[in-house]
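Engineer: Mind having a look at this structure? Questions to follow.
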2 protein chains.
Amino acid sequence: MAVDTSSLSERKLIILKAIIQNYLETGEPVGSRTLSKYTELNLSSATIRNEMADLEDLGYIFQPHTSAGRIPSDKGYRLYVDMLMEEKEQEITEREDAMLEKADKVEKVLQQAAKVLASNTNYATMVSAPVNNRNTLKFIQLSQVDEEQIVAVIVLGGNVIKNKIIEVGETLSNETLLKLNMLLNTTLNGMSIDQITLGLIARLKEQAGIHSEVIGHVLDAVAEIIHVDDDMKIYTSGTTNIFKYPELSDKQSAQEIISAFEEKQQLEDLVTETLASGDDHAIQVYIGDEAPVKNMKDCSVVTATYELGEGMKGTIGIIGPKRMDYEHVMKTLKTLQSELDAIYNKNPKE
Amino acid sequence: MAVDTSSLSERKLIILKAIIQNYLETGEPVGSRTLSKYTELNLSSATIRNEMADLEDLGYIFQPHTSAGRIPSDKGYRLYVDMLMEEKEQEITEREDAMLEKADKVEKVLQQAAKVLASNTNYATMVSAPVNNRNTLKFIQLSQVDEEQIVAVIVLGGNVIKNKIIEVGETLSNETLLKLNMLLNTTLNGMSIDQITLGLIARLKEQAGIHSEVIGHVLDAVAEIIHVDDDMKIYTSGTTNIFKYPELSDKQSAQEIISAFEEKQQLEDLVTETLASGDDHAIQVYIGDEAPVKNMKDCSVVTATYELGEGMKGTIGIIGPKRMDYEHVMKTLKTLQSELDAIYNKNPKE
DNA sequence: GTTAGCACTCAAAACAAGGGAGTGCTAATA
DNA sequence: TATTAGCACTCCCTTGTTTTGAGTGCTAAC
């Protein structure tokens, strides 16, 4: 993903960068006079104007209307971000364990992470809980709850615990349950989901004899729990930060963005896309239409993937105006990413 | 809570009601001319004006500015709602099982309920998961997960299942676990939380012998899980509906309301308040400042309490503009309330 | 007690004028 | 030849003014 700067002179690059940075701060179109003061190179506004005309021809900037200053186009932002990417392959030195208290439940950590991120950046944020994809089954336990109900507790790799109530048409004796538990665990423990084949299931059922139906139910439960989209939990925070940016806070935009956050479906798409696009620990930046979420066409979305060990990956994302502070955001994201990586990979205990 | 209509003539009541209903529809201040056509009683605008002047003196309506029509005041709304309350102690005949599919997880049902409600009313909605207050312990199961980790699965009355990972400093044998499980269940099963006294705990630990520490951890887990505020889950939907009402969709208001929905804390207060105010199956209406949530001072909030059996209560709430369609909302709420009551009380199975 | 009529008020819409930031182009300059 | 100063032009935004119209309060007539 090398940046193609060949078509731009050094000076044009500097001017473009100046335009973007200035616009990031103010949110107002920036004019030639402003720039002639703002930049290092001592050039008159007229010269700048000429350069700006060129940059506009090349599609990096545009005027919202005649006789207004220039605003970076998506293409302009893209160039800028790509430059940042190359520059910033460097220190992640500082950590910000600041507000990240220890909390033993994954959920809470993630919710907390979203909050920290939001308060740190002033943008809207989301954190997706890790998807237990090609995961391993660690442990299954059936227990009697009511006459005709048992609960299946299923522990997955990474100590994700799920449970499901199963209706059985009969009352099972303690003994039977014990036997079934034994059977299930000796057969399935440590298995990855993909390893559970039809043949295996048939064999299990055979061994269960008259209780094969129960086994069926249990395996259904396992399948359901594994099914990814079903329970992709997503935590959000700072949604209302968008009101801080006039260009996003008109009724139309605000409604679109906020409902994307509430409905979650669109965020799920975003997560899926992010996870799909290989390159694990890279930071990804979607500008405007580039994002797979149509409600965010007026935003920029910056995402990172983190890993909770054993192949469980989740996504952190920041959603803000196109003129977001990419530099800061990318840095913060990287920090949090490595923080999450660290907490769970090296040191699962408190 | 009888309505004090003594101070108002029959005619004034009719006019007030007409003003409110008209304003509910249009959202615009309503003038005397409009009313003289709108009402049954054939009165000229002039007469209506006189009556309106009186109503304004009494504080039921007011003008947003001179030479504008009248708008109901909080007091006006209150009177209107109270009248509705008395009228509508009647049929809940129709059900709207429409979209309420069966879903065996409580969470999903509630999330679904919030959605149905939102799409049905066009307001923002919230449903709080039942608080397992003076609840009973149905079942506890400890299982080995890792060398030094066990998981405690705790089933509460109403089949609410919780789990928690417990770090133990030692590896427990299967036998020991079995013994501990037995001990815990014979002692605690069917007990309400309040019945677990210090004395009881001491006795348990004594019986557990060298494993008393584990028992301690388990009981801590139980305590933590019981602790109400900790996990009051609240499901929301249709937040962006507020953009449908101009009086709520300016930046300021929108931000306040939406962040109340996101932060949840304020919603929790609302739930607490609702649950606290006795009168179980009543519908409660908070108009403007009456609500315990300051961010909703420009809204009306209508809530209902439902019960999932065994004393587990939750709250359903609708948040909208003051000019909400109280009649429809209250009816819908009642239906859903009895629906939830029914599903779980009479017929827990599928 | 009710109504018609009239003068009055005020918010919102429509319009007009001026200011100002910014541009493109041309001609002068280094 | 690249840069700059200067100027005419554009167009948005602000401000002020006018018009319109819905609505009121009051008074006098029915």
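The values are calculated or read from the model by the stated rules, or taken from the named source; none is laboratory data. Just so it is clear, the model here is predicted, and its values are computed rather than measured. Note that each Cβ is placed from the backbone with ideal geometry, even for glycine, and that neighbours are counted across all protein chains shown.
Engineer: Here are the criteria: (1) in a strand (DSSP E or B); (2) more than 14 Å from every other protein chain (Cβ to nearest Cβ); (3) aliphatic (A, V, I, L, M). Tell me which single one B:ALA152 does not satisfy.
Structural biologist: (2)
Engineer: In region A:63-77, what count of residues is obtained for those that are more than 16 Å from DNA strand C (Cβ to nearest atom) and at pLDDT below 90?
Structural biologist: The total comes to 0.
Engineer: Further question on the same structure: Is it the case that region B:14-33 has a residue that's more than 14 Å from every other protein chain (Cβ to nearest Cβ), more than 13 Å from DNA strand C (Cβ to nearest atom) and among the hydroxyl-bearing types (Ser, Thr, Tyr)?
Structural biologist: Looking only at region B:14-33, we keep the residues that are more than 14 Å from every other protein chain (Cβ to nearest Cβ), and these are B:14-33.
Cutting the leftovers down to more than 13 Å from DNA strand C (Cβ to nearest atom) gives us B:16-26, B:30.
Now narrow it down to the ones that are among the hydroxyl-bearing types (Ser, Thr, Tyr): B:23, B:26.
Within region B:14-33, one or more residues are more than 14 Å from every other protein chain (Cβ to nearest Cβ), more than 13 Å from DNA strand C (Cβ to nearest atom) and among the hydroxyl-bearing types (Ser, Thr, Tyr).
Engineer: Tell me whether region A:279-290 contains one or more residues that are among the hydroxyl-bearing types (Ser, Thr, Tyr), within 30 Å of A:ILE161 (Cβ to Cβ) and under 16 Å from the mean Cα position of the chain (by Cα).
Structural biologist: Within region A:279-290, not a single residue is among the hydroxyl-bearing types (Ser, Thr, Tyr), within 30 Å of A:ILE161 (Cβ to Cβ) and under 16 Å from the mean Cα position of the chain (by Cα).
Yes/no per residue for (1) outside the structural domain of A:ALA18 (by TED's automatic domain parsing); (2) away from DNA strand D (no atom under 13 Å from the Cβ); (3) more than 25 Å from A:HIS328 (Cβ to Cβ); (4) without any contact (Cβ under 8 Å) to a residue 60 or more places away in the chain:
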site: A:THR39; (1), (2), (3), (4): no, no, no, yes
site: A:ALA46; (1), (2), (3), (4): no, no, yes, yes
site: A:ARG49; (1), (2), (3), (4): no, no, yes, yes
site: A:ALA53; (1), (2), (3), (4): no, no, yes, yes
site: A:MET83; (1), (2), (3), (4): yes, yes, no, no
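Engineer: Hey, another quick one. Only one of A:GLN284, A:GLN255 is in contact with a Phe, Trp or Tyr (Cβ under 6 Å, 6 or more places away or on another chain), assigned by TED's automatic domain parsing to the domain that holds A:GLN112 and either at pLDDT 85 or above or more than 16 Å from A:THR125 (Cα to Cα) (or both); which?
Structural biologist: Numbers: A:GLN284 fails: in contact with a Phe, Trp or Tyr (Cβ under 6 Å, 6 or more places away or on another chain).
Answer to the selection: A:GLN255.
Engineer: May I pose another question? Could you please find all residues in region B:34-52 being under 41 Å from the mean Cα position of the chain (by Cα), among the hydrophobic types (A, V, I, L, M, F, W, C) and either within 14 Å of chain A (Cβ to nearest Cβ) or within 11 Å of DNA strand C (Cβ to nearest atom) (or both)?
Structural biologist: Correct list: B:LEU41, B:ILE48.
Engineer: Are any residues in region B:49-90 of a type in the set (Asp, Glu) and under 12 Å from B:LYS12 (Cα atoms), and if so, which ones?
Structural biologist: B:GLU51, B:ASP54, B:GLU56
Engineer: Okay, moving on. If I ask for residues that are modelled with pLDDT under 85 and surrounded by 13 or more Cβ atoms within 10 Å (Cβ to Cβ), which ones from region A:20-42 would you list?
Structural biologist: A:TYR38, A:THR39, A:LEU41
Engineer: Can I ask one more? Considering A:LYS205, A:LYS164, which residue is within 13 Å of chain B (Cβ to nearest Cβ) and in contact with a helix residue (DSSP H, G or I) (Cβ under 9 Å, 6 or more places away or on another chain)?
Structural biologist: A:LYS164
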